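> First the structure, which I've put down as structure tokens, then a few questions once you've had a look.
Every number in this text was worked out from the coordinates using simple rules, so none of it is lab data. All values reported here derive from a predicted model rather than from experimental measurement. Here the Cβ positions follow ideal geometry from the backbone for every residue, glycine too, while neighbour counts run over all protein chains shown.
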Amino acid sequence: MKAQRGVALPIALGLLLILMLLLSQGIGGAAGEARLASLQQFRHAAFEAAEAGLVAGRLQLATLGSPVAPPPQQQRVDASPLPRSLTRFVYRGESAPPAGYSLGRFSARDWELHSRGEAARGAVVELTEGLQQLEPQP
Amino acid sequence: MQRAPCTAISVVALFLSLALALPPARGTELTIRHASSGAVTLVRNQGAQLVAQDARGALLWTYAPPQLQGSCQGAVQFTLWQDDRNRDGQITASTGERALLFATLSWQSGSALHSQLFALDVGTPGTRQLLWQLDESSLPALGQLVSAPTAARIRIGRANRDPQQGVVLLGAGVPVPGKTSRNGAALLAVDASSGTLLWSASAAQGASQRYAAADAAFAGAITALDLDADGYTDRLYLGDWAARIWRFDISPGNAAATLTRGGVIADLADPAQPVALGFIAAPDVTLFTDAAAMRWFNIAVGSVATGNGTADNALFVLRERDPYARLTQAQFDGLPVLTQADLPEQAALTDSATARGYRVSLGSAQSAGRALTVNGTLLYTQFTGTAPWLALCLATPNVIVTATAIDAVTGSASREVPVTTAANASDSRIALPTGTQAQTDIEGSPPATPDSALRCTAAGVTLPACASAPRWRRVYWRREDAD
């Protein structure tokens with residue numbers, strides 16, 4: 001009896017292999033996307049925390065009021081669990097009032113507000129805001 | 001020094017007589033914060049008397065110039081110089097910081113007019129101390145009419161005695177309407193600590209610097225600007241009694257003989273009018289920038305009638321291009337002087353971008369208070385009725401003072417002013433309380449709460465036009481991600 005040489009098995013195995021490869025790639029891609037989405041989510045959380053830090057910083061600046069001494073730098077540390085923010089503001093000095101305001105009747109104090117938002121997986125967003133405080137002069 | 005003609009004195013005497021026995025006016029109020037005790041001293045002029053109260057209203061001290069005691073036949077105008085070296089908004093006497101009050105005084109005795117300049121040390125809570133005083137005998141250039149004083153820091157060679165180069169700037173002269181040659185008009189800078197005359201500009205011999213065109217009293221208060229933010233004044237603007245606007249550029253550190261270069265930048269007199277125009281208020285100077293990043297100064301000042309009668313007054317708004325350029329005297333001498341013909345009536349302003357300015361006609365009303373520009377809105381006061389321009393400590397019941405807000409660039413009525421408080425629906429003016437003095441400035445005031453909008457007031461009335469002016473402005477913003 002002539003021996004039969006079948007090709008079905010190798011073909012099936014080959015197809016199975018290709019299928020497994022495709023499947024593993026699909027699973028890997030989905031996992032990557034999920035990881036990316038998660039990272040985006042954490043980055044968004046970090047941004048939200050940094051924004052909250054800016055708001056808190058602005059409020060803190062406002063309570064300094066006028067004409068209390070402008071400190072060269074102050075820092076507020078939010079030690080809450082992640083996500084959290086770390087805010088500091090720097091006094092940049094006085095400048096001329098902006099266009100549209102009487103010269104010599106207003107002064108402008110320049111501040112720079114930094115807020116660092118931190119979330120899980122090392123997501124960090126840093127926001128910097130330049131603020132100008134207008135003060136009437138006597 | 002020449003004396004004013006009798007006619008001028010008669011006119012002034014008439015104004016003064018009209019002003020007698022009338023209720024006191026609301027005056028200027030300035031605030032001193034003392035670091036030692038946290039106390040606050042509020043100084044204002046109540047009639048001819050300076051009054052200081054604490055934040056609760058308790059009387060701290062008063063000062064009445066002896067010449068005006070018992071009557072109010074004169075004018076007291078004052079300003080405060082706070083030598084606040086660490087810029088913390090408080091006066092710490094123990095570290096050498098000072099609060100000095102400078103006041104000018106014009107009064108009538110018999111048929112003669114007199115002027116005085118004095119300084120009070122008000123840096124210690126609850127006390128005041130007369131530092132020095134000058135009158136016609138000790139400083140003849142004071143003349144018979146003095147403008148409101150302006151405090152500034154100017155280095156004048158090695159002449160300064162004040163450790164911070166503090167000076168008092170004021171204009172002086174004889175209240176003769178129009179241009180009359182050599183009538184003693186002078187611009188003066190006096191040392192803040194000692195009262196020593198440091199510099200003068202006049203057409204007369206003996207002045208530190210002679211300006212031939214200075215032939216009308218410098219009745220207008222001076223606007224002193226520090227354009228390069230080095231803490232020292234380098235530009236002056238003021239109006240005179242002949243409706244001219246002057247500009248002086250200061251060379252810091254120069255000796256008195258070469259301290260300034262300057263001249264007339266606008267001559268807004270109208271020879272057709274029976275009564276000449278003049279300026280009392282300090283010009284309001286504001287920087288503007290157009291879409292092509294071209295910069296100009298808006299210089300706004302209202303006029304008054306210098307004689308007994310009505311004149312067609314206006315709020316004049318000039319545009320000075322290339323405003324930061326420092327001019328030589330030759331350039332000043334060759335400047336094209338703006339006239340009323342160069343300034344169209346606001347309603348006829350067709351191209352506000354290229355205009356050299358505009359005017360807002362006030363009719364027979366006058367404008368003697370200092371204007372203020374906030375967030376592009378120009379606010380000014382005007383009054384109708386007979387006002388004793390010299391007896392500024394008084395208010396007359398027939399004087400009606402109103403505040404108006406306009407767009408500073410186009411001159412059109414501001415939409416910021418609610419018409420509900422105006423006289424009628426088409427009027428953007430706000431009537432100020434009865435008893436408000438004619439020379440009422442628009443003031444910028446600290447906001448009600450730390451983070452609220454800026455506040456503008458006139459005679460204690462908060463003007464809604466400033467409500468949209470934020471106290472805090474975001475200048476830039478950026479984001480950086482790192483993970």
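> Suppose R0 equals 45 Å. What FRET efficiency, 1/(1 + (r/R0)^6) with r the Cβ-Cβ distance, do A:A34 and B:E29 give to the nearest 0.05? Mind dumping the intermediate values first?
Working: r = 67 Å, r/R0 = 1.48.
Efficiency at R0 = 45 Å is approximately 0.10.
> Between A:L16 and B:T95, with labels modelled 7 Å along Cα→Cβ, what's the label distance in nm to one decimal, could you check?
8.5 nm
> Follow-up question, since we're still on this one. Mind listing the phi-derived Karplus ³J(HN,Hα) values for region B:165-170, rounded to whole Hz, using 6.51, -1.76 and 1.60 with θ = phi - 60°, and x for any glycine or proline?
Values per residue, Gly and Pro as x: 6, x, 9, 10, 9, 7 Hz.
> Something else about it: Taking K and R as +1 and D and E as -1, what net charge do the other residues with C-beta under 14 Å from the C-beta of B:D54 add up to?
Local charge sum for B:D54: +3.
> To continue, here is another question. Whole-Hz Karplus ³J(HN,Hα) for region B:83-93, in order, using 6.51 cos²θ - 1.76 cosθ + 1.60 and θ = phi - 60°, x for Gly and Pro?
7, 9, 5, 8, 6, 9, x, 10, 9, 10, 4
> Collect residues whose amide H, placed 1.01 Å from N in the peptide plane, falls under 5 Å from the amide H of B:I265; neighbours closer than 5 in sequence don't count.
It is B:I245, B:W246, B:R247, by chain and number.
> Pulled fully out, how much extra length does the chain show between B:D228 and B:Q273, if you take 0.36 nm times their separation in residues and subtract their Cα-Cα distance?
That pair, B:D228 and B:Q273, stretches by 12.2 nm at full extension.
> Which residues' amide hydrogens lie under 5 Å from the amide hydrogen of B:A39, considering only partners 5 or more residues apart or on another chain, with H built in the peptide plane?
Close amide H contacts, sequence-distant or interchain: B:H34.
> Shielding by partners for A:104-113, please: the mean number of other protein chain Cβ atoms within 10 Å of each residue's Cβ.
5
> Check which residues have an amide H placed less than 5 Å from B:A469's amide H, if you skip close sequence neighbours.
So B:A469 has HN proximity to B:L454.
> Once label points are set 7 Å from the Cα along Cα→Cβ at both B:S37 and B:D407, what is their separation, rounded to one decimal in nm?
Simple spin-label model gives 5.1 nm for this pair.
> Please sort A:99-106, B:461-468 by packing, taking for each peptide the average over its residues of neighbouring beta carbons within 10 angstrom, highest first. Could you put the intermediate results ahead of the total?
On the way: A:99-106: 21.6, B:461-468: 19.6.
In descending order of packing, they fall as A:99-106, B:461-468.
> Considering only the other residues whose Cβ falls under 9 Å of the Cβ of B:N298, what net charge follows from Lys and Arg at +1 and Asp and Glu at -1?
-1
> Turning to a different aspect of this structure: Rounded to the nearest 0.05, what FRET efficiency do B:Q331 and B:D54 have when you use their Cβ-Cβ distance and R0 = 41 Å?
After rounding, the FRET efficiency stands at 0.20.
> Continuing with the same structure: Along the Cα→Cβ direction, 7 angstrom out, place labels at B:R474 and A:R88. What is the inter-label distance in nm?
2.3 nm
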